[in-house]
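Nothing in this text is a laboratory measurement; each read-out follows from the coordinates by a stated rule. What you see is a predicted model; the values in this text were computed from it and never measured. For neighbour counting, all protein chains shown are included, and Cβ atoms are generated from backbone atoms with ideal geometry for every residue, glycine included.
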Amino acid sequence: MALFDPKGARAETRQVAGKSVAVLLAPRLVRRGFLHDVFYGLKSLLTGMRVTLPYGLTTSRIVTRQYPENRGTLKMYERYRARLTFIRDGQGRHTCTGCRNCEKACPNGSIIIETAKGAVTGKNEVQRFIWRFDACTFCNLCVYTCPFDALEMKGDFEHAVFDRRLLVYNLNSYAGPHASLWDKVEDEEQRKTLATKISPYDGKVPLAGTSMAGCPARAHGEGGAS
Amino acid sequence: MSVFSPAAVIAAPQVFEVKTLASRAATALPGSLLESALYVLLAVVWIVALLALTGLALIYLERKIAGHFQCRLGPMRVGPHGIFQTVADTIKLLVKEDFVPDGADKVLHVVAPFLALTATILLLVILPLSPILQAADMNIGVVYVTAISGFGVMGILLGGWSSNNKWSMIGAMRAGAQIISYEISATLALLVVVLFAGTLRLSGIVQSQADGWWIWRAHGVGVVAFVIYVIASTAEINRTPFDIPEGESELAAGFHTEYSGIRFAFFFLAEFINMFLVAGFAATFFWGGWMPFHVGGLDGFNSVMDLVPAGAWFAAKTSALVFLVMWFRWTFPRLRVDQMMRLEWKILLPVGFVNLFAAALVVLYGLYFFPGT
Ligand code: SF4
Ligand code: SF4
């Protein structure tokens, strides 16, 4: 039985293709006596047992969380991805310009963006930012793609519903311009007409490939209000 | 009449008189048939209760301990801290469909789990839990233990062969090879204790440790024999690191792949009770069984130790050994088949023989502690 002894590893410099390269030489495999092997084996088994014993005897290392019971104190990790949302400023305004980069990046057509020319601003404004929770794989590509940092993934995860259609969200709570366009409009009265409030479930959105009354089926990845 | 004196009571070491249920039945027989039958009934109830309760407790413990070793909690939902989890699982297994696969050897497939469980029950009968809690005792106890624990492999072999499934077949063949190989080393280790105790009777072996347990009274050879016995018997009951017959990664579930419902439960129960038995026998042979911790000659100290009842000593020792075996399971990686065979034939067997020879010399020259008694 040959044994590998990591302490016997040797560092040296060798010439490889004219360059000197630092290498770590593994020691030769040594054949030692029968008794040595038996005792070495027993010793390493005991080492393993010493490592695992504290895990078996104490409760402090347990990572399991008792979910419904600890609901009040549960905090999800910062990077946990469960729900796509718009990043909003203090007045509830988002920064999405409706550029559709996220829609194109989404590998499974979970994002559908409807835009229209704003009457006051004359620019593209998001009418509805439809996110298909039921199709999303939480790959986060939309968040990485967005050039305006309009999207983020939130950690809240209790989204069970009894009707699949409830999993299709509008991310924007108003149809209207993004934050910086908003600031360019100076007239107070005009500002008031900029946005129309919409709810997360406003308007009809078909599920994958199907149609609903008043809303024809859309092809994969096809968006727009047209 | 002497005045009661606590000092006198403590100074006189307790004499343990072994009364098995079988011997009570035999004594009662000439006088009253009914009394004798009652003792037999008591023995049967005792064995069944031991089987069921130990099984439930061990399976629960195993899952809890497994959980903690893996940074989990284990069962938590059924009852406080999941204590009714195994009860629920048992009920589930009982109401499950009892399935015999197409092309299986029906009779053998049905019989196999019962054979495995029979071997386990036969061993439970002879396990000395305390001077009064032992169903039967016999003068060839060690031979009986060795023979019956080898018999358990029949159930596994038949189960694997009759299932008409390649995984079952390979698993059963591995189990056969493994159990029969390690049987030899386990027996060699037990023979060391037989040499010291001078008897094959289990209660006699326990009583021979009244001056001290063999693990330290027989010093070197005792410790080596104990280590060999623990390794070999872990292999005999197919537990990690020797769970090759049911290696999930390569054999689905090994010999019980095709079993479900109550007959799977029998295999499972037999496996867990075997773990209890192995711990119990290791305690009996090396740690004094139900014998309290005695040091020959220190009568005062021994009497204090006698205050703890014999059954409690057995329970404590067996629990410690059961924990050790579970600890093994959640620490060691599984061996390969060839490594397992090499460990037995090239390491344990030679070491066991040398140890037995050394033990014979130690006994011959009385080189162990308190040889006179
Ligand atoms: S996370 Fe991935 S799948 Fe979900 S909407 Fe964004 S890009 Fe599409
Ligand atoms: S969320 Fe970002 S990428 Fe998507 S349409 Fe709006 S600005 Fe463009």
Cβ-placed point charges (K, R +1; D, E -1), dipole of chain B about Cα centre in debye, nearest 20
460
Calculate, for B:S23 and B:S319, the FRET efficiency according to 1/(1 + (r/R0)^6) with r their C-beta to C-beta distance and R0 22 Å; round to the nearest 0.05.
0.20
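Near B:I262, within a Cβ-to-Cβ distance under 9 Å, what is the net charge of the other residues, with Lys and Arg +1 and Asp and Glu -1?
Local net charge: +1.
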Take the protein assembly as shown, compute every pairwise Cα distance, and split them into 10 Å bins from 0; I just need the percent in each bin.
3, 12, 17, 16, 13, 11, 10, 8, 6, 3, 1, 0
Is it possible to state the helix-based mean residue ellipticity at 222 nm for the protein assembly as shown, with each DSSP H run of 4+ residues giving -39500 (n - 2.57), the sum divided by total residues, to the nearest 500 deg cm²/dmol? What is it?
-15500 deg cm²/dmol
May I ask which residue of B:A210, B:P371, B:T90 lies farthest towards the positive end of the charge dipole of chain B, with charges of +1 (Lys, Arg) and -1 (Asp, Glu) on Cβ and the Cα centre as origin?
B:T90
Relative contact order of the range A:1-140, defined on C-alpha pairs under 8 angstrom at six or more residues apart (%)
13
Spin-label proximity, B:E250 to the range B:318-352 - amide N less than 16 Å from point 7 Å beyond Cα toward beta carbon
B:333-344
Assigned charges on the beta-carbon of Lys, Arg, Asp, Glu; the protein assembly as shown dipole about Cα centre (debye)
1560
Student exercise, the range B:173-308 dipole from Lys, Arg, Asp, Glu Cβ charges, in Debye to nearest 20
280
What's the exposure ranking of A:Y40, B:Y365, going from fewest to most Cβ atoms within 10 Å?
B:Y365, A:Y40
Estimated inter-spin distance, A:N140 and A:R165, nm [label 7 Å along Cα→Cβ]:
3.4
Find out how many positive minus negative residues lie around B:A186, taking Lys and Arg as positive, Asp and Glu as negative, among other residues whose Cβ is under 12 Å from that of B:A186.
-3
Work out the charge dipole of the range B:105-365 with +1 on the Cβ of Lys and Arg and -1 on the Cβ of Asp and Glu about the Cα centre, then indicate which of B:G296, B:I273, B:V224 is farthest towards its positive end.
B:V224
Once Lys and Arg get +1 and Asp and Glu get -1 on their Cβ, which of B:L124, B:L56, B:P101 lies farthest toward the positive end of the dipole of the range B:52-126?
B:L56
